[in-house]
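For reference, the structure is listed below as structure tokens.
The values are calculated or read from the model by the stated rules, or taken from the named source; none is laboratory data. None of the values given here were measured: they were computed from a predicted structure. Here the Cβ positions follow ideal geometry from the backbone for every residue, glycine too, while neighbour counts run over all protein chains shown. Note: accessible area is taken over every heavy atom of the protein model, side chains too, but ligands, DNA and RNA are not part of it. Shrake-Rupley method; radii C 1.70, N 1.55, O 1.52, S 1.80 Å.
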Amino acid sequence: MNSTVVPGPVRRGMLVAAAVSAVISAVLLVAHVSFDGDTFRHCAYLGPSTRMYVTAWAGPVCSLAALVLTVRGGQRRTGAGVALVCLSVLLLAVQLLALYWVYRPDPSGGTGCSGLAALLA
């Protein structure tokens with residue numbers, strides 16, 4: 001008996017947990033993007049808000065959890081498992097970019113509203 005193969009009900013449970021984790025990760029990414037307006041107020045750069053930091057860190061954690069749960073599900077790969085791995089990797093890549101953008105320097109160079117924000121105002 002191979003000890004790396006997980007029984008059927010446990011495998012399905014891990015796949016469901018991975019899917020839920022991937023959905024939570026996607027929701028965190030959408031929330032992070034919606035909080036992007038927190039950085040400027042009245043042409044003054046405030047920096048990222050706390051909720052931007054929280055969603056930027058929690059998203060990749062959930063994506064990694066989904067990836068680990070999917071891979072640990074056993075050796076037999078189903079279509080749902082492969083799709084979940086691809087989705088988790090894609091979400092992880094986008095969320096790592098969002099995490100980088102949280103820590104990037106002030107895009108306006110400290111001079112207030114500049115660039116595209118000044119053109120749209």
- Output for Cβ contacts, cut-off 8 Å, separation at least six or different chains, first residue farther than 21 Å from HIS32 by Cβ in the stretch 60-72, second surrounded by 15 or more Cβ atoms within 10 Å (Cβ to Cβ) and among the hydroxyl-bearing types (Ser, Thr, Tyr), reads LEU69/SER21; THR70/SER88
- Filter result (modelled with pLDDT under 85 and closer than 28 Å to LEU69 by Cβ) within the stretch 16-58: PHE35
- Message: For the stretch 70-78, check the following and say yes or no: at least one residue is under 16 Å from the mean Cα position of the chain (by Cα) and either farther than 19 Å from VAL27 by Cβ or open to solvent by 50 Å² or more (accessible area, probe 1.4 Å) (or both).
- Response: no
- Those residues of the stretch 79-99 which are exposed (fewer than 14 other Cβ atoms within 10 Å of the Cβ), modelled with pLDDT under 90 and of a type outside the set (A, V, I, L, M) amount to GLY79
- Could you give me the residue pairs with C-beta distances under 7 Å whose first residue belongs to the stretch 25-41 and is open to solvent by 40 Å² or more (accessible area, probe 1.4 Å), whose second residue is assigned to a helix (DSSP H, G or I) and at pLDDT below 85 wherever it lies, and which are 6+ apart or on separate chains? PHE40/ALA117
